[in-house]
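One structure is given here, and the rest of the page talks about it.
The values are calculated or read from the model by the stated rules, or taken from the named source; none is laboratory data. Keep in mind that this is a model prediction, so the values were computed, not measured. Using ideal geometry, Cβ is built from the backbone for each residue, glycine included, and neighbour counts are taken over all protein chains shown. The protein model used for the area step is the full one, side chains on, heavy atoms only, and it has no ligands, DNA or RNA in it. Shrake-Rupley method; radii C 1.70, N 1.55, O 1.52, S 1.80 Å.
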Amino acid sequence: VAVLTFVVAVITLFSSPTHRRSARHQEDLAEAKAIIEGSPHAPPTARILLTGDKDFFFSESGQSVLAYRVRANRWIALGGPIGPASEREALMWRFVEAADRAGGTAVFYSAGPDLLPTLAAMGFILRQIGEAAVVDPAAFTLVGKAKQNLRTACNKAAAEGCTVEILLPG
């Protein structure tokens, strides 16, 4: 039983979608990168879509992209479509229909506030999960008793060689 479990685990590990990426996936990745870099309205977090572990759903014009992963029967889109606003709703509907045809359920994770009315009109149930923090770096400090745990974590990370680099857009 242990050997069989090990064999199944290894097969599952190496047959995951990230290990079976095709040449077409590389073309999709390049196309998605071009759309993201060319979009003036792409969110600052859009580059996470280019890590290579997501699939892409493109608009019919090829000017918009939606990144997603399939887990069980859930088609999970990370955020909304990137591209012209005029194509967003149509692309979202095509994505939902494709998931439905495949026997899955579309989910939009981390959708921005601008997409909430569209998602509600499409019949989605909206749930808030977490918050995004906005920190003023000029006013932020680690001084004081309230910041002791954060200060300890930062000191430990620095001692282990962790560094932080702030890169400007582009």
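How about the range 1-45: which of its residues are at pLDDT 80 or above, part of a helix (DSSP H, G or I) and more than 30 Å from SER64 (Cα to Cα)?
ALA2, VAL3, LEU4, THR5
Going by the conditions given, is ASP28 within 24 Å of PHE124 (Cβ to Cβ) and either among the charged types (D, E, K, R) or in contact with a Cys (Cβ under 9 Å, 6 or more places away or on another chain) (or both)?
Criteria not met by ASP28.
Are any residues in the range 63-93 among the charged types (D, E, K, R) and either under 14 Å from LEU119 (Cβ atoms) or open to solvent by less than 70 Å² (accessible area, probe 1.4 Å) (or both), and if so, which ones?
Of everything in the range 63-93, those that are among the charged types (D, E, K, R) and either under 14 Å from LEU119 (Cβ atoms) or open to solvent by less than 70 Å² (accessible area, probe 1.4 Å) (or both) turn out to be ARG69, GLU87, ARG88, GLU89.
Mind checking whether some residue in the range 24-38 is hydrophobic (A, V, I, L, M, F, W, C), in contact with a strand residue (DSSP E or B) (Cβ under 6 Å, 6 or more places away or on another chain), crowded, with 19+ Cβ neighbours inside 10 Å and within 22 Å of PRO169 (Cα to Cα)?
Yes - at least one qualifying residue is present in the range 24-38.
Within the range 111-137, how many residues are surrounded by 10 or more Cβ atoms within 10 Å (Cβ to Cβ) and either aliphatic (A, V, I, L, M) or more than 22 Å from HIS41 (Cβ to Cβ) (or both)?
Within the range 111-137, residues that are surrounded by 10 or more Cβ atoms within 10 Å (Cβ to Cβ) and either aliphatic (A, V, I, L, M) or more than 22 Å from HIS41 (Cβ to Cβ) (or both) number 7.
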